[in-house]
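Structure first, commentary second.
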Amino acid sequence: MKAITDFFYMMDDFMWGSWMTILILVTGIALSICFKFRYQRKIGFNFHNTFSQIKSGGEGEGTISGFRAACTALANTIGTGNISGVATAIVSGGPGALVWMLISAFFGMSTKACEIIIGQRYREHYKESMNEYVCDRSFVLKNAFGWKRGAVVLAVFCFVFGPWTCCVQTEAVTSSMSEAFGVPSIISVVVIGLTCLVTIWGGLKRISNVMSMAVPVMAVLYILMGLGVIILNWRSIPEVIALIFKSAFTPASAVGGFAGATVRDAIQYGVARGIYSNDAGTGYGMIAHAPAKTDHPVRQSLWGWGEVFLDTFIICTITAFTIIITGSYYTSEATSGALTTIAFTTAYGSIGGQLTAIAIAVFAWTTIIGMYYTCEKSVNYAFGDTEANRKMMPIYMIYYMIPCVLFYNIEADALWAFTDVLSAVYVLITIFIIAAKHREIFKLFNDFWERYLPAKERGENPGYVTFDCRLDPDNPIKA
């Protein structure tokens, strides 16, 4: 086990070295410039077409509404990465890691939008086995590049190794519940395992229904709890902000149990944990948003702004401020979810730690469910729209839950290193797809802003721009 752990540490350091950080930031910056920063600066328009439309069933072809698709995506993004991921980023990269999280998230809004456009553009309608619009990286490799064999290899890789990234979720639950309530780990994982299995057994519609109720509630409650800590310590806010920005660009000094961190550490862990939290560049956006009903792929892509903003700019920032403002990162040797639990305990007493443990449990629960949906798409691709695909689903559900339930007690840092390596592989594939199909992305982007949207504003009724590559891989199906 030590040899395996050391190997993942080595791979983690290599994969998330300076070259990866530069690649992610340059990609986001280049896309933002090409999009004229529309995803960052048109906040009113973005909000009107996303959060203000949560009750809309959506227009066009699809399986679920745009809001429910976004909630399925948010189940991945708003999870323990916001609590445990931020904690490990600060412990390893210092307070300055938050700045690099926010920088990567700002430009990552454009990257996330590209994923959503691609997912809508190269999706397929599986009518026989599940009656659902589906897409993931494998579908794109086949439909956009014609690489069928490579797509199968990627699909198998994703559905075999994908479930193992969820070990960080159950580890965060067990550590925080033990810290706050003294609950034995075995009880925590059994409850998580059984409830997740019951939910995913109902398929996309049950998953999206549950996520559309659970995600908004848990996000609001956690935000209010974190804001309370910041308000109670409002006098320390200027000092904390100064420390965060100083640590982002100069080495963070060792203090208490904190060993210190270099600027490279702040960048590496800030970007890596930020990517894991908001998923900008990992390719999950193309999976979660593929089944959405929308009149144009670019309109659905606006949800990318909402997901990244809510995840990183609000929830991750609140978590980081809570950890830093209470001094927990240097007064405690805890890492992962336990550190955030200690931070809220410091602020509110034992009730704070207990509420945080509950929040972590709910966040992990939704993330495991959301991650299952993304892994399932790889199974769908490998078996096709056939009876075999339908029969494989229950078997895969059982396999998916095994790592979560049985391997939660591996060292937290080792789990995060393994997760980072897989995330890096997904990022490289996604950035390649975006770069290779950038003309198709910009074609749809320009079509929405220059033709489709002006026609809608003039009161005309332009046909929906939707796609089903099983019917016509080259042209949109216009209603």
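The values are calculated or read from the model by the stated rules, or taken from the named source; none is laboratory data. Bear in mind the structure is a predicted one, so any value in this text is a computation, not a measurement. Neighbour counts run over all protein chains shown; Cβ positions are idealised from the backbone, glycine included. With ligands, DNA and RNA removed, areas are computed over all heavy atoms of the protein, side chains included. Shrake-Rupley method; radii C 1.70, N 1.55, O 1.52, S 1.80 Å.
In terms of the mean number of neighbouring beta-carbon atoms within 10 Å, the peptides 347-358, 269-280, 362-373, 195-206 order highest first as 269-280, 362-373, 347-358, 195-206. The charge dipole of the stretch 294-439, taken about the Cα centre with unit charges on the Cβ atoms of Lys, Arg (+1) and Asp, Glu (-1), comes to about 380 debye, rounded to the nearest 20.
Just the number, please: carbon plus sulfur as a percent of the accessible area of the chain, 1.4 Å probe, no ligands or DNA/RNA counted. Don't jump to the answer; show the numbers that get you there.
Details: 11650 of 17990 Å².
For the chain, the apolar C and S fraction of the accessible surface comes to 65 percent.
Assuming charge only on the beta carbon of Lys and Arg (+1) and of Asp and Glu (-1), the dipole of the stretch 1-145 about its Cα centre is about 520 debye to the nearest 20. The accessible area of HIS125, taken with all protein chains in place and a 1.4 Å probe, comes to roughly 30 Å².
Over the stretch 146-217, the Kirkwood radius and the radius of gyration, each from Cα atoms, give a ratio Rg/Rh of 1.11. Between the residues ILE103, ALA70, GLY463, the greatest Cα displacement towards the positive end of the dipole of the chain, with unit charges on the Cβ of Lys, Arg, Asp and Glu, is found for GLY463. Within straight-line reach of LYS36, meaning a Cα separation under 16 Å, sit the following aspartates and glutamates at least 8 residues removed in sequence or on another chain: ASP447, GLU450. With a Förster radius of 45 Å applied to the C-beta separation of THR195 and LYS148, the computed FRET efficiency comes to 0.75. Taking a ≥ b ≥ c as the square roots of the Cα gyration tensor eigenvalues, with a/c under 1.5 meaning rounded and otherwise prolate when a/b beats b/c, else oblate, which class fits the stretch 113-165? Since a/c stays below 1.5, the shape of the stretch 113-165 is classed as rounded.
Against the chain, whose longest principal axis is taken from its Cα atoms, helix 350-383 shows a tilt of about 30°. Among beta bridges identified by DSSP and lying wholly in the chain, the antiparallel ones come to about 75 percent. Exposed loop sites here mean GluC sites (Glu not before Pro) with a DSSP loop assignment and at most 15 other beta-carbon atoms within 10 Å; the chain contains its longest site-free run at 129-332.
For the stretch 71-171, the per residue solvent-accessible surface stands at 23 Å², with DNA, RNA and ligands left out and a 1.4 Å probe.
Largest first, the extents of the alpha carbon coordinates of the chain on the three principal axes equal 62, 47, 40 Å. With every protein chain in place and a 1.4 angstrom probe, the accessible-area ranking of LYS377, LYS456, LYS246, largest first, reads LYS246, LYS456, LYS377. Here the stretch 367-408 and the stretch 137-160 have alpha carbon centers that stand 16 Å from each other.
Size of the dipole of the chain about the Cα centre, Lys and Arg at +1 and Asp and Glu at -1 on the beta carbon, nothing else charged, in debye to 20? Intermediate values should be presented prior to the final figure.
Details: 34 positive and 33 negative charges, 215 e Å.
Dipole magnitude for the chain comes out near 1040 debye.
Axis of helix 84-93 versus longest Cα principal axis of the chain: the two differ by about 60°, to the nearest ten degrees. The helix-only estimate of mean residue ellipticity at 222 nm for the chain, built from DSSP H runs of length n ≥ 4 each weighted as -39500 (n - 2.57), is -22500 deg cm²/dmol after division by the residue total. Straight Cα distances below 27 angstrom link LYS142 to the lysines LYS112, LYS127, LYS205, LYS293, LYS377, LYS391, LYS437, LYS443, LYS478, with same-chain residues fewer than 8 positions distant left out. Amide H to amide H distances under 5 Å link SER65 with LYS293, where only residues 5 or more positions off or on other chains count and H is placed in the peptide plane.
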